[in-house]
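Input: a single structure, listed below in structure tokens.
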């Protein structure tokens with residue numbers, strides 16, 4: 001049976017072959033491979049109706065450098081880096097993830113149905129969490145430094161004339177309107193309740209599903225919930241037949257049986273996507289949110305000003321107190337059936 005269009009659809013699995021199979025099962029959309037390892041290159045004979053775009057770290061970094069270099073001319077001259085060879089720049093932490101977000105923002109400008117192949121789940125959720133921040137992705141790091149530079153440049157104005165220096169403005173380092181628009185558009189699409197879907201496939205090796213629970217717990221702390229879940233492994237069928245108490249009843253799941261035939265893989269995509277969203281009851285003074293996999297022993301709840309901080313197994317999630325509960329303090333928490341209820345007084 002043909003699959004309907006899924007709009008903006010993200011796919012992540014702990015097995016690359018399974019992730020590729022999920023992408024191949026829906027050939028109607030354009031495809032963006034953000035795996036970082038060009039996983040889709042092994043899909044011989046699969047043709048997509050839309051364009052197949054593959055993220056490749058060095059070519060994409062060089063393409064971005066070509067866009068930036070004309071704007072950075074004065075800075076390169078000031079720092080005596082006119083002869084800088086971008087291929088010799090040492091690897092910088094976090095740059096690869098930032099580049100993937102920029103490639104995603106560019107692809108989302110096309111407006112067509114798009115399937116995005118993400119890396120393994122932990123890295124995938126970190127990428128989506130970063131992409132959701134929009135322009136803050138860049139400005140949070142740069143703005144304080146650029147504001148300081150503008151003040152310093154102004155105070156050195158007289159010295160600049162005497163020494164015949166040419167101190168560049170910070171304007172060339174700020175987001176231009178085109179990229180600001182792209183990042184804002186990406187953030188709007190990825191907002192909670194936005195027009196996105198996330199299909200996730202995870203291993204379930206043991207009947208107690210403790211490893212699965214721990215992985216879902218870490219994903220819950222990211223705040224980017226999958227809309228459908230496929231399980232594979234020896235205990236997948238048993239866990240789905242008798243779901244643990246940390247699994248929300250509304251959370252759809254299906255078994256993906258090895259060797260992951262196309263029909264079996266497509267079964268996950270035929271599941272109706274369910275967005276588990278935060279629910280606020282101002283009259284009762286409660287806020288409920290899904291936290292699949294989280295157990296009481298690993299959860300700590302704190303409120304700092306208007307932000308509730310959830311500490312989950314070494315991960316952190318920030319939740320803003322809704323306007324309808326403004327001025328109230330979190331007085332208690334209850335974790336039940338994969339949902340956390342916060343009470344405010």
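Scan the stretch 185-207 residue by residue and report those that are in a helix (DSSP H, G or I) and loosely packed, with under 14 Cβ neighbours inside 10 Å.
Of everything in the stretch 185-207, just one residue is in a helix (DSSP H, G or I) and loosely packed, with under 14 Cβ neighbours inside 10 Å, namely 188.
So that you can scan it fast, the table gives a plain yes or no per residue for (1) in the same structural domain as residue 73 (by TED's automatic domain parsing); (2) touching a helix residue (DSSP H, G or I) at 6+ places or on another chain (Cβ under 8 Å); (3) at pLDDT below 85; (4) under 17 Å from residue 68 (Cα atoms):
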{"residue": "155", "(1), (2), (3), (4)": "no, no, yes, no"}
{"residue": "162", "(1), (2), (3), (4)": "no, no, yes, no"}
{"residue": "180", "(1), (2), (3), (4)": "no, no, no, yes"}
{"residue": "183", "(1), (2), (3), (4)": "no, yes, no, yes"}
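Would you call residue 336 within 20 Å of residue 216 (Cβ to Cβ) and touching a strand residue (DSSP E or B) at 6+ places or on another chain (Cβ under 7 Å)?
In short, no.
Can you pull out the residues in the stretch 112-130 that are out of contact with any strand residue (DSSP E or B) (no Cβ under 6 Å at 6 or more places or on another chain) and either part of a helix (DSSP H, G or I) or farther than 22 Å from residue 93 by Cα (or both)?
113, 122, 123, 125, 126, 127, 128, 129, 130
Taking the condition outside the structural domain of residue 211 (by TED's automatic domain parsing), over 20 Å from the mean Cα position of the chain (by Cα), more than 16 Å from residue 333 (Cα to Cα) and surrounded by 12 or more Cβ atoms within 10 Å (Cβ to Cβ), does residue 286 pass?
Criteria not met by residue 286.
When you check residue 291 against the structure, is it in contact with a helix residue (DSSP H, G or I) (Cβ under 7 Å, 6 or more places away or on another chain), buried (at least 17 other Cβ atoms within 10 Å of the Cβ) and at pLDDT 90 or above, yes or no?
Yes, satisfied.
Of all residues in the stretch 69-87 being surrounded by fewer than 12 Cβ atoms within 10 Å (Cβ to Cβ) and at pLDDT below 75, which is farthest from residue 169 (Cα to Cα)?
If we take residues in the stretch 69-87 being surrounded by fewer than 12 Cβ atoms within 10 Å (Cβ to Cβ) and at pLDDT below 75, then 83 is farthest from residue 169 (Cα to Cα).
So for the stretch 221-239 (the condition being at pLDDT below 90 and part of a helix (DSSP H, G or I)), does at least one residue qualify?
yes
The values are calculated or read from the model by the stated rules, or taken from the named source; none is laboratory data. Keep in mind that what you see is a predicted model, and the values were worked out from it rather than measured. As a convention, Cβ positions derive from the backbone with ideal geometry for all residues, glycine included, and neighbour counts pool all protein chains shown.
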